[in-house]
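Here's the structure, in structure tokens; my notes come after.
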Amino acid sequence: MKKEKKMKLSLPEVELMNSGHMACQGCGATLAMRFALKALGQKVALCIPACCWSVIDGPFPYSSLDVPIFHCAFETAAVSASGVKAGLEMVGDKETTVVAWAGDGGTFDIGIQALSGVAERNDDIIYICYDNEAYMNTGIQRSSATPYGAWTTTTPVKHFKNRPKKDMEAIMAAHRIPYIATASIGYPEDLVKKVKKAKEIKGTKFLHIFAPCPPGWKSQPEDTIKLARMAVQNAIFPLYEIEWGEKYTLNIKLKEKKPINDYLKIQGRFRHLTKKEIVFIQEEVDKKWERLLLCVNGSK
Amino acid sequence: MKKVIMGNHALSYGAKLGRAQVIAAYPITPQTQVVELLSEMCADKSLDAMFIKVESEHSAMAACLGASLAGARTFTATSAQGLALMHELLHWASGGRLPVVMGNINRAMAPGWSIWSDQNDSLSQRDTGWMQFYCSSNQEVLDTVIQAFKVSEKLLIPSMVILDAFTLSHTYEVVDIPDQKKVDEYLPPFNPSIKLTPEEPHAFGGLTSPEHYFELRYKLQKEMEKAPALIEKTGKEYEKMFGRYLGLVEKHRCDDADLILITSGAMGSTARIAVDELRKEGIKAGNLRIKVFRPFPFEIIRNAVKGAKKIAVVDRNISYGHHGMFFEEVKSALYGYSDGLPVFGFITGLGGRDITPSTFKEITQYTLERDKPKEEIIWIGVKL
Ligand SMILES: Cc1ncc(C[n+]2csc(CCOP(=O)(O)OP(=O)(O)O)c2C)c(N)n1
Ligand code: SF4
Ligand SMILES: [Mg+2]
């Protein structure tokens with residue numbers, strides 16, 4: 001008898017996100033949630049502060065997710081999750097994984113105080129930041145995750161963002177939490193693996209997911225995955241892990257680090273940049289990459 | 001068991017006897033002893049609760065909300081600047097129908113830095129949808145925390161149990177600490193019908209269109225309207241079990257009074273002393289202490305002042321550009337019900353300036369000398 005060939009899926013089959021959500025076409029944040037939930041499974045509770053995701057999920061009385069959600073105040077994602085975790089434990093549920101799910105604004109800016117408190121105490125939650133590099137919910141204003149050179153409505157072309165993106169991983173590493181990882185919707189297997197790993201670790205876990213946003217980046221919806229992969233390949237957003245603030249591991253190694261030009265070119269938010277500015281950005285990316293390699297090599 | 005304890009510890013014992021399950025709090029003078037004692041109780045396991053030692057009051061309230069949504073009984077305590085920092089989340093608690101119970105020590109708002117008593121901190125939060133209980137003794141503080149859990153959890157509306165800085169918070173009084181078994185009988189465990197759990201996934205507090213929001217707020221108000229009767233009912237139950245009634249107001253010699261002094265908080269006991277002294281001088285004064293400010297006890301106040309000829313409301317707070325806040329509220333309660341009864345509005349004791357029996361005598365004299373108030377605000381004790 002002939003052996004039946006079975007197709008092997010590289011991602012968990014479970015689907016906890018449904019159609020009918022409110023995201024734009026080509027939304028990276030939406031894919032991030034879909035993949036994360038595949039890894040987390042059903043026994044999870046989400047705390048979502050103000051961000052695109054507080055809209056994407058759908059208006060009352062609908063929800064596009066098959067998991068419970070606490071829509072919490074903008075600056076409180078991390079500690080809301082700590083509260084939920086404590087509450088669940090006290091009513092006898094010690095299994096449920098509690099996840100804070102916030103945008104870059106809710107993480108890098110307004111929510112950083114509560115997040116720092118949670119991380120310092122090493123509360124047992126997973127914090128996931130999906131990063132679309134600006135305040136998208138309120139119409140594309142700069143955040144401290146907006147990269148150097150980018151246009152937003154509060155960093156107009158004549159006065160584009162002239163400070164680098166905040167190094168959130170370094171800040172989290174300084175808290176000596178058990179697990180930090182960057183991930184990308186362009187690398188779903190890596191993303192799922194990291195979320196699963198985080199789920200098995202006790203203490204505060206911080207995941208930072210790169211999530212392109214066509215309206216905010218002035219890019220084409222069909223380029224979302226491409227942009228996410230390019231950002232890894234050109235080291236603008238390298239994929240790595242940090243354990244206990246010390247042990248760095250690079251997950252996607254680059255045989256050949258690509259130049260950033262092509263990546264910038266297909267996004268309207270960078271269209272105004274001159275050659276000189278692009279050279280400057282490239283230099284900064286190179287320096288940051290070298291610094292990361294030093295950490296990775298130093299960990300061996 | 002009787003113990004001599006400070007007002008702050010009365011809050012801690014209230015939370016312990018109420019079997020709070022999650023506590024999240026941040027220290028601020030004059031509240032610190034509340035959380036210090038609770039930390040000890042959690043550490044030595046005399047209280048089976050998780051204490052989340054947050055980095056701010058803002059996070060304290062946020063953590064309480066998360067825990068409450070998960071179905072746990074939650075408690076926190078703060079004062080002044082800390083309460084103001086929580087403001088956004090106070091709306092979150094009531095709007096989310098999360099029955100958190102919080103102690104607030106009345107302390108004046110900075111600047112200039114003041115750690116002394118006045119009510120502007122809690123009264124600035126009057127429209128956040130919390131019930132507010134202003135206590136006048138340490139015993140009442142402890143008892144009210146237990147009652148507040150019961151009322152809050154029944155109505156799904158949060159409660160603030162309020163006491164004056166130092167006059168209560170740091171003053172030692174004899175307090176009867178009820179038996180845990182009896183408290184358990186009075187206050188069953190918190191068991192909300194809907195909560196955050198993967199067993200039954202709901203989304204709480206998401207985007208709510210004009211099609212639905214209005215009714216959610218209507219329902220909050222309708223439940224709030226049930227609170228006065230429920231407070232009286234649970235107050236009577238408490239009296240039956242523990243011998244102390246917990247009502248909406250406290251009346252002292254009001255029934256035959258010509259002049260009723262309306263007060264709140266710890267100055268209530270000072271007013272009672274003043275009333276007794278005034279009676280000796282032949283002045284028929286009485287004291288009505290408003291304990292519950294939200295929901296405002298319209299009915300009982302209207303009835304209490306029926307026989308009086310004049311009312312003097314004494315506020316340790318101010319709504320700038322308007323009046324003292326109890327004065328505003330009393331007038332609005334009496335409007336159309338009191339046949340032109342003159343109501344005088346006094347402000348005194350801001351920032352912890354002492355309020356003594358002679359303060360009330362001055363107020364009484366002013367009121368007796370005039371048919372009607374001539375000023376919007378009558379200031380007592382301002383030194384210019
Ligand atoms: C205290 C407070 N300030 C401001 C806002 C308005 N607000 C809502 S979402 C948002 C930006 C969110 O940005 P980010 O966290 O990056 O998420 P994104 O919308 O990009 O997904 C802002 C400023 C708010 N809800 N609460
Ligand atoms: S604005 Fe961007 S992040 Fe928000 S839903 Fe649209 S694509 Fe997604
Ligand atoms: Mg964003």
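The values are calculated or read from the model by the stated rules, or taken from the named source; none is laboratory data. Everything numeric in this text was worked out from a predicted model, so none of it was measured. With ideal geometry, Cβ positions are generated from the backbone for all residues, glycine too; neighbour counts draw on all protein chains shown.
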Search result, residues across the stretch B:238-249 that are surrounded by fewer than 17 Cβ atoms within 10 Å (Cβ to Cβ) and in a helix (DSSP H, G or I): B:Glu239, B:Lys240, B:Met241
Would you tally the residues in the stretch A:74-111 being surrounded by fewer than 24 Cβ atoms within 10 Å (Cβ to Cβ) and within 10 Å of ligand 1 (Cβ to nearest atom)? 3
Can B:Ser169 be described as in contact with a strand residue (DSSP E or B) (Cβ under 7 Å, 6 or more places away or on another chain), small (Gly, Ala, Ser) and either part of a loop (DSSP other than H, G, I, E, B) or under 25 Å from B:Pro297 (Cβ atoms) (or both)? yes
Give me the pairs: first residue in the stretch B:45-69 and in a helix (DSSP H, G or I), second residue crowded, with 24+ Cβ neighbours inside 10 Å and at pLDDT below 95, beta-carbon distance under 8 Å, and six or more apart or on different chains, which are they? none
Would you check which residues across the stretch B:325-357 are out of contact with any strand residue (DSSP E or B) (no Cβ under 7 Å at 6 or more places or on another chain), assigned to a helix (DSSP H, G or I) and touching a residue at least 40 places away in the same chain (Cβ under 8 Å) and list them? B:Leu350, B:Gly351, B:Gly352, B:Pro357
Yes or no: A:Gly149 away from ligand 1 (no atom under 13 Å from the Cβ), on the phi > 0 side of the Ramachandran plot and in contact with a helix residue (DSSP H, G or I) (Cβ under 7 Å, 6 or more places away or on another chain)? yes
Looking only at residues that are outside any strand (DSSP E or B) and more than 15 Å from ligand 2 (Cβ to nearest atom) in the stretch A:123-135, which one is surrounded by the fewest Cβ atoms within 10 Å (Cβ to Cβ)? A:Asp124
Go through the stretch A:66-86 and give me each residue that's more than 7 Å from chain B (Cβ to nearest Cβ) and out of contact with any Pro (no Cβ under 8 Å at 6 or more places or on another chain). A:Ala78, A:Lys85
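When the residues of the stretch A:87-119 are narrowed to those that are in a loop (DSSP other than H, G, I, E, B) and more than 22 Å from the chain's Cα centre (by Cα), which ends up nearest to the other protein chains (Cβ to nearest Cβ)?
Per the stated criteria, the residue is A:Val91.
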Here are some residues: B:Val249, B:Val292. Which one is free of Cβ contacts under 8 Å to residues at least 60 places away in the same chain, out of contact with any Ser or Thr (no Cβ under 8 Å at 6 or more places or on another chain) and within 13 Å of B:Glu140 (Cβ to Cβ)? B:Val249
Name every residue in the stretch B:1-39 that is hydroxyl-bearing (Ser, Thr, Tyr), surrounded by 23 or more Cβ atoms within 10 Å (Cβ to Cβ) and not in a helix (DSSP H, G or I), in order of residue number. B:Tyr26
Filtering the stretch B:126-152 down to residues that are in contact with a His (Cβ under 7 Å, 6 or more places away or on another chain) and assigned to a loop (DSSP other than H, G, I, E, B) yields B:Gly129
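Each row is one residue, and each column tells you yes or no for (1) in a helix (DSSP H, G or I); (2) of a type in the set (S, T, N, Q); (3) over 26 Å from A:Asp109 (Cβ atoms); (4) touching a Leu at 6+ places or on another chain (Cβ under 9 Å).
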{"site": "A:Gly20", "(1), (2), (3), (4)": "no, no, yes, no"}
{"site": "A:Gln25", "(1), (2), (3), (4)": "no, yes, yes, no"}
{"site": "A:Lys38", "(1), (2), (3), (4)": "yes, no, yes, yes"}
{"site": "A:Leu46", "(1), (2), (3), (4)": "no, no, no, yes"}
{"site": "A:Ala50", "(1), (2), (3), (4)": "no, no, no, no"}
{"site": "A:Gly58", "(1), (2), (3), (4)": "no, no, no, yes"}
{"site": "A:Ser63", "(1), (2), (3), (4)": "no, yes, yes, no"}
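Quick grid of which residues meet (1) surrounded by 12 or more Cβ atoms within 10 Å (Cβ to Cβ); (2) part of a loop (DSSP other than H, G, I, E, B):
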| residue | (1), (2) |
| --- | --- |
| B:Lys154 | yes, no |
| B:Leu163 | yes, no |
| B:Ser193 | no, yes |
| B:Lys222 | no, no |
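Rundown of residues vs (1) more than 30 Å from B:Ile5 (Cα to Cα); (2) of a type in the set (Asp, Glu); (3) away from every other protein chain (no Cβ under 14 Å), yes/no style:
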residue	(1), (2), (3)
B:Pro178	no, no, yes
B:Leu187	no, no, yes
B:Lys195	yes, no, no
B:Gly205	yes, no, no
B:Tyr213	yes, no, no
B:Lys219	yes, no, no
B:Glu223	yes, yes, yes
B:Pro228	no, no, yes
Within the stretch A:120-130, is there a residue that is out of contact with any helix residue (DSSP H, G or I) (no Cβ under 9 Å at 6 or more places or on another chain) and within 14 Å of chain B (Cβ to nearest Cβ)? yes
Could you check B:Lys45 against (1) touching a Ser or Thr at 6+ places or on another chain (Cβ under 9 Å); (2) away from chain A (no Cβ under 11 Å); (3) charged (D, E, K, R) and say which number it fails? (1)
Which of the residues spanning the stretch B:125-142 are in contact (Cβ under 8 Å) with a residue 60 or more places away in the chain and either within 18 Å of B:His87 (Cα to Cα) or under 11 Å from the mean Cα position of the chain (by Cα) (or both)? B:Arg126, B:Gly129, B:Trp130, B:Met131, B:Gln132, B:Phe133, B:Tyr134, B:Cys135, B:Ser136, B:Glu140, B:Val141
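Results for (1) away from ligand 3 (no atom under 16 Å from the Cβ); (2) closer than 22 Å to A:Pro49 by Cα; (3) not in a helix (DSSP H, G or I), shown as yes or no for each residue.
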| position | (1), (2), (3) |
| --- | --- |
| A:Asn137 | no, yes, yes |
| A:Ser143 | no, yes, yes |
| A:Tyr148 | yes, no, yes |
| A:Lys158 | yes, no, no |
| A:Lys165 | no, yes, yes |
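Applying the selection to the stretch A:116-135, what residues are more than 19 Å from A:Ser184 (Cβ to Cβ) and within 15 Å of ligand 3 (Cβ to nearest atom)? If you could, list the steps in order and put the result at the bottom.
Taking the stretch A:116-135 and keeping what is more than 19 Å from A:Ser184 (Cβ to Cβ), we get A:116-125, A:135.
Selection gives A:Tyr135 alone.
This table checks each residue for (1) more than 7 Å from chain A (Cβ to nearest Cβ); (2) acidic (Asp, Glu); (3) touching a Cys at 6+ places or on another chain (Cβ under 6 Å).
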{"residue": "B:Met41", "(1), (2), (3)": "yes, no, no"}
{"residue": "B:Phe51", "(1), (2), (3)": "yes, no, yes"}
{"residue": "B:Met61", "(1), (2), (3)": "yes, no, no"}
{"residue": "B:Leu65", "(1), (2), (3)": "no, no, no"}
Consider A:Thr146 carefully, then state whether it is of a type in the set (Ser, Thr, Tyr) and without any contact (Cβ under 8 Å) to a residue 12 or more places away in the chain. no
